[in-house]
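To keep things clear, I will list the structure first and then write my remarks on it.
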Amino acid sequence: MEKTYFLPAEWHFQSYIQLTWPHAGTDWAYMLDEVEECFLNLAREIASRQPLLLVAPEFPAALEDFPYRDRICFVECPTNDTWARDHGFITLIERHSDPQLLDFCFNGWGMKFAADKDNLINSHLAKAGVLNGDYINCRNFVLEGGSIESDGEGTLLTTSTCLLSPNRNDTMSRADIEQYLTERFNLRQVLWLDYGYLAGDDTDSHIDTLARLCPGHTIVYVKCNDKQDEHYGALQSMENQLKTFRTPDGDPYRLLPLPMADPIYDEDGARLPATYANFLIMNTAVLYPTYDQPENDARAAEVLAEAFPGREIVGVDCRALIRQHGSLHCVTMQYPESVKSI
């Protein structure tokens, strides 16, 4: 019988959620206490619901008295940074076989930042024996988890700005990349989003900052209503393109707009990429970033409750995370249920 592996949707039942912990050797050094508080809140919300896979050079002192420590699987490993979404395994599953743990090349979002240690994290995890699955070396192709979205039914959503950036897979055309993804993930279609960006984003417009696939052929996306905002034109074009997308059966997607976060700036006056699209889907909950903007935070929760009926919608203050130009989804990576080995 031919084995048919597929890329599950994020809402497929999960085992671990991975966090790669900040430390003094990361870019978080200047605000370590502040970002550790955010990671503690994330760890608490995750581990109170399902097992947490923790990666760090040493076990964090902040977790010594953690109430859910027995639900943490810790792997000691050198790291450059904390963005588990982009250096973590991408997992394929098959009904009758062990999962495939795909280890793609992570090159610091197109060689913008050092990634020599982060690119080896998956090797450490494989050797540690904490993951059930067949290790598949895909390091001849640069791919970050934040750049792709799957519905588990053969549709992949991505952005052309990211996947076609010259410092990732520059010898491959758009057609080449689409063919590679289609074969690697056993896809029915690739939906390329050609518009949309966030000021301050280092990822070349990862899809998980802009638009997300949800159950029931639904896409939630960032919408900007302020015509004076620098994002208005690009996000309007993105919305118009989303309206043209169709499922493999020819049906339009249900589109649910998320609010645009009010501008947040760093200490030098540069705008930071705050986005409500950067949420994490868990087994019984959706964790989403908040930015101390009560009206926007509440509206985002309402939209996510509509997209994920039956799941608890839990906000986590992520103002610390966006100081390094990422948010909640960027620092997490989920693994399907069959991946947990212990």
Exercise. In the stretch 308-342, which residues are touching a strand residue (DSSP E or B) at 6+ places or on another chain (Cβ under 9 Å) and assigned to a helix (DSSP H, G or I)?
Worked result: Leu321, Ile322, His329, Val331, Glu337, Ser338, Val339
For this session: Considering only the stretch 98-118, state which residues are part of a loop (DSSP other than H, G, I, E, B), closer than 17 Å to Gly326 by Cβ and either charged (D, E, K, R) or in contact (Cβ under 8 Å) with a residue 40 or more places away in the chain (or both).
Result: Asn107, Lys112, Phe113
Problem set entry | So Tyr30, is it under 29 Å from Leu213 (Cα atoms) and either out of contact with any Gly (no Cβ under 7 Å at 6 or more places or on another chain) or in a loop (DSSP other than H, G, I, E, B) (or both) | no
Seminar exercise, completed: All conditions in (1) part of a loop (DSSP other than H, G, I, E, B); (2) among the aliphatic types (A, V, I, L, M); (3) within 25 Å of Thr4 (Cα to Cα) are true of Ala175 except (1)
For this session: For the stretch 61-79, state whether one or more residues are on the phi < 0 side of the Ramachandran plot, of a type in the set (A, V, I, L, M, F, W, C), open to solvent by less than 50 Å² (accessible area, probe 1.4 Å) and assigned to a loop (DSSP other than H, G, I, E, B).
Result: yes
Exercise. Taking the condition open to solvent by less than 60 Å² (accessible area, probe 1.4 Å), more than 17 Å from the chain's Cα centre (by Cα), of a type in the set (S, T, N, Q) and farther than 20 Å from Ile148 by Cβ, does Gln293 pass?
Worked result: yes
For this session: Could you tell me whether the stretch 235-243 includes any residue that is open to solvent by 50 Å² or more (accessible area, probe 1.4 Å), of a type in the set (D, E, K, R) and free of Cβ contacts under 8 Å to residues at least 12 places away in the same chain?
Result: no
Exercise. What about Leu164, is it surrounded by fewer than 19 Cβ atoms within 10 Å (Cβ to Cβ), out of contact with any Ser or Thr (no Cβ under 8 Å at 6 or more places or on another chain) and among the hydrophobic types (A, V, I, L, M, F, W, C)?
Worked result: yes
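The values are calculated or read from the model by the stated rules, or taken from the named source; none is laboratory data. Bear in mind the structure is a predicted one, so any value in this text is a computation, not a measurement. Cβ coordinates were reconstructed from backbone atoms using ideal geometry, including for glycine residues, and neighbour counts include every protein chain displayed. The accessibility values were calculated without ligands, DNA or RNA, using every heavy atom of the protein model including side chains. Shrake-Rupley method; radii C 1.70, N 1.55, O 1.52, S 1.80 Å.
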